[in-house]
Structures are given as C-alpha cells and as structure tokens.
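The values are calculated or read from the model by the stated rules, or taken from the named source; none is laboratory data. Keep in mind the model is a prediction, meaning the values are calculated, not measured. Methodologically, a virtual Cβ is constructed for each residue, glycine included, from the backbone with ideal geometry; neighbour enumeration extends over all protein chains shown. What goes into the accessible areas is simple: the full protein's heavy atoms, side chains included, and nothing from ligands, DNA or RNA. Shrake-Rupley method; radii C 1.70, N 1.55, O 1.52, S 1.80 Å.
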Amino acid sequence: EAGVAQSPRYKIIEKRQSVAFWCNPISGHATLYWYQQILGQGPKLLIQFQNNGVVDDSQLPKDRFSAERLKGVDSTLKIQPAKLEDSAVYLCATRSPTDTQYFGPGTRLTVL
Amino acid sequence: GQQLNQSPQSMFIQEGEDVSMNCTSSSIFNTWLWYKQDPGEGPVLLIALYKAGELTSNGRLTAQFGITRKDSFLNISASIPSDVGIYFCAGNSGTYKYIFGTGTRLKVLA
C-alpha cells in the first residue's frame, strides 16, 4: 500500500510571497489532516477534513492560510502572504478506518 | 493547543540498554499511537493501541495502553544506534482529532 505523498519536500521563499503544498493521501482514507511542526515541537493541527468537508480549522490562521480538498482525495495547503514565523515542516496525515494515523514525509518551508 | 505530557524530554543511553518513556493526559483516550521521527522526515508509526490494558510489541518495542486510559508507555529493549530520534505519543479521544506529546529525544551512545 502506497503511503501519504507530499510535494515539494523543500521550499525556500521570501516573506510576503505565496506558497502551496500538495498532499495525496492513502487510498480510501477519508480523513485528512494538515499539521505544522516547529523545530523541537510536536505536530500542531492546522485543519482536518472528512472527505471534502472541513471538520476542524480552529487553529488555522485564516487571514493567510487556506486549504482545500475539492474531490475528497488530494489536498492543497496555501500560505499567502508568508511570514518569517511560518518557517516549519508542514505534515499531511490521513486516518485509516482502524483509527490509525499515517504521515507523509513533510514539506520543509523556510521563509527568509 | 492541547498537548500530552511526555517524559523524559530527552535521554542519553548506552547501546544495549533498555529505554522507557511515557505519556500522560488529563483526558481519557480511545486510541494511543507511538511514532518515531528522524530529522527531515515525517513521523513513522511504531505501535497502535486500541483498548485499556493492551500490551503490543513490534520487534524490540513494546507499548502499553494504561488501565486508566489516561496514559501509555513505550519501552525499547537492547537499544542500538539507529534508535536515535524523537519519539512522539499521540492520543485520540474518539473525535478523529489526535493530540500529540511533546516528544522524547533519544540519543544512543555506542
């Protein structure tokens, strides 16, 4: 079974620029998550989807972050405009029917 | 956001030693997951626990779901250098939302 795919793996941008991350979940996993992981900390949930609907986006900075999962499969996370404090690893994860969560390799974002 | 209390925060051990770490929560969980994260990579699932008292092994790793459903333990036996990394626990109270521990940084001295 293929794992969670993410791209790009690395991205360097300047502050105030825009950036987008892509996630392809494990086939059949209806629940998809985007996390932000600051160096030295555990993952922090940004948004949770159930199929193509948002379940929880309470910690998503909506003035600059947006996410979508239009067809209930792939998902994109966008930051516009980026700030220095957005430098982090952005992790996509999906939940199996047996209540197990699997992570992708992450996208490491550096904002200069 | 809410986080679990995970301890120890970091540890240095000699190769061959056993390692123990734990997570505690103020809330009851239905599921406990243990992950290992290497630098530059996403967390990799090690063990999943689904009911109170459950004891599950994966090679040299053993994890237990606490009877109170508010804690979990991970043990690594006979540690080797490749065990180095950050170990995270995560709990799910049934809302499909996982809460993560603060991580245990393990360093193994050869």
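List of remarks:
- Residues located in the range B:87-110, provided they are more than 9 Å from chain A (Cβ to nearest Cβ), under 18 Å from A:Q36 (Cα atoms) and surrounded by fewer than 20 Cβ atoms within 10 Å (Cβ to Cβ): none
- Strands (runs of 3 or more DSSP E) within the range A:60-112 that include 2 or more residues in contact with a helix residue (DSSP H, G or I) (Cβ under 7 Å, 6 or more places away or on another chain): A:107-111
- The set of residues in the range A:8-20 that are part of a strand (DSSP E or B) and at the interface with chain B (Cβ under 10 Å from one of its Cβ atoms) contains only A:Y10.
- Selected residue (criterion: most open to solvent (accessible area, probe 1.4 Å)) from residues of the range A:21-48 that are part of a loop (DSSP other than H, G, I, E, B) and more than 11 Å from chain B (Cβ to nearest Cβ): A:S27
- Residues of the range B:76-86 that turn out to be surrounded by fewer than 14 Cβ atoms within 10 Å (Cβ to Cβ) and within 14 Å of chain A (Cβ to nearest Cβ), as a count: 0
- So A:P105, is it open to solvent by less than 50 Å² (accessible area, probe 1.4 Å), touching a Phe, Trp or Tyr at 6+ places or on another chain (Cβ under 8 Å) and at the interface with chain B (Cβ under 9 Å from one of its Cβ atoms): no
- Residue under evaluation A:S66, criteria (1) under 14 Å from the mean Cα position of the chain (by Cα); (2) touching a residue at least 60 places away in the same chain (Cβ under 8 Å); (3) under 19 Å from A:I13 (Cα atoms), criterion not met: (2)
- Options B:Q37, B:Q6; residue that is within 10 Å of another protein chain (Cβ to nearest Cβ) and either under 10 Å from the mean Cα position of the chain (by Cα) or open to solvent by 70 Å² or more (accessible area, probe 1.4 Å) (or both): B:Q6
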